[in-house]
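To start, the structure under review is shown below, and the notes come after it.
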Amino acid sequence: MSLIKIDDLCAFYGKAQALSNVSLHVEPGETIAIVGANGAGKSTLLDCIMGLVKTTGQITLDGEDITGRKPGYMVRAGIGYAPERFNLFPHMTVRDNLLVGAYTARDDIDKNMEAVHRLFPRLAEREAQETSTQSGGERQMVSLGRALMSSPKILLVDEPTIGLAPKVCAEIAEVLKRLSAELGLTVIITEQNANFALSLASRLYVLEGGHVTATGTAEELAKDDQLAKSYFGA
Ligand code: ATP
């Protein structure tokens, strides 16, 4: 059974339609990527899964219909979210920002903090630092770590490489690979950088103007010349 299954999802901001009949599925342990340009609807799609934006259509998690549930329910059900601009509390420390993600975790807080420190030793070293004084890469790590503090089954990661230097992108890619390989986590990432997405994801969905216009493995998508030119620089 798919861990997440989405059928015919539509989302509107007022009268403007941001998503049109989006359907996708993610299998347990799989990493998939949603690729698309600015304004394609990538963040809106993740916001819908997280219950932050109202939708029509259906979203199921492990077979349970979770459509229309509130964000707190989604977190308890096992969905973790690392949003695009991190949404950290800039004047709180790294540790306190991580603890914000643990409000549903109860007994697992110490265990999850240790796991986050193992994945990101730099966050352990800089526990007491305010996040406002950190680099973009470090803040991305805090954002991913905060999402992991709620013991998610599936992690939603919105444009993890935006504004980051290539070396830092490579570090983030390594961590995302470890989440899947070592923790068996299921991951959905969104990306404008299709080559980054390809390095992580087994399958991709191309989102254009709120529609899924193509889907498949990298090899399958590369057969489409136009698509390859637009997204993969081929
Ligand atoms: P980006 O890479 O720029 O974040 P995206 O693919 O994530 O792009 P979305 O942010 O989901 O795209 O935006 C999809 C569409 O919805 C765009 O046309 C955008 O202008 C519009 N939109 C997004 N958020 C809102 C909002 N809060 N109110 C009104 N329109 C919005």
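Read-outs: derived from the displayed coordinates by stated rules, not from any lab. Since this is a predicted model, take the numbers as computed values, not measurements. Note that we place each Cβ from the backbone using ideal geometry, even for glycine, and neighbour counts take in every protein chain shown.
Below are the figures for this structure:
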item	result
Proximal aspartates and glutamates to Lys177, defined as alpha-carbon separation beneath 12 angstrom and excluding residues fewer than eight positions away on the same chain	Glu30
Share of alpha-carbon pairs per 10 Å distance bin for the range 137-213, given as whole %	17, 54, 27, 3
Estimated FRET transfer efficiency (Arg118, Asp62; beta-carbon r; R0 30 Å; 0.05)	0.65
Assigned charges on the beta-carbon of Lys, Arg, Asp, Glu; the chain dipole about Cα centre (debye)	400 debye
FRET efficiency, 1/(1 + (r/R0)^6) with R0 25 Å, evaluated for Glu219 and Ala37 via beta carbons	0.65
P(r) of the range 1-60 over all Cα-Cα pairs, binned every 5 Å from zero, in whole percent	4, 18, 29, 27, 15, 5, 2, 0
Coil-residue trypsin sites (Lys or Arg not before Pro) of the range 172-234, DSSP, other Cβ within 10 Å capped at 14	Lys223
Most mobile listed residue (Thr161, Thr133, Thr44) in the chain, GNM with C-alpha springs under 10 Å	Thr133
Cα-based equivalent ellipsoid, the range 91-234: semi-axes from gyration tensor eigenvalues, Å	31, 16, 13
Two-site FRET efficiency, Val175 against Lys15, from Cβ-Cβ distance with R₀ of 35 Å, rounded to 0.05	0.30
Alpha-carbon centroids, the range 176-224 and the range 55-127: separation in whole Å	22 Å
Evaluated at q = 0.10, 0.12, 0.13, 0.18 Å⁻¹: base-10 log I(q)/I(0), Debye formula over Cα of the range 64-173	-0.27, -0.39, -0.46, -0.87
Relative contact order, percent, the chain [alpha-carbon distance under 8 Å, six or more residues apart]	27 percent
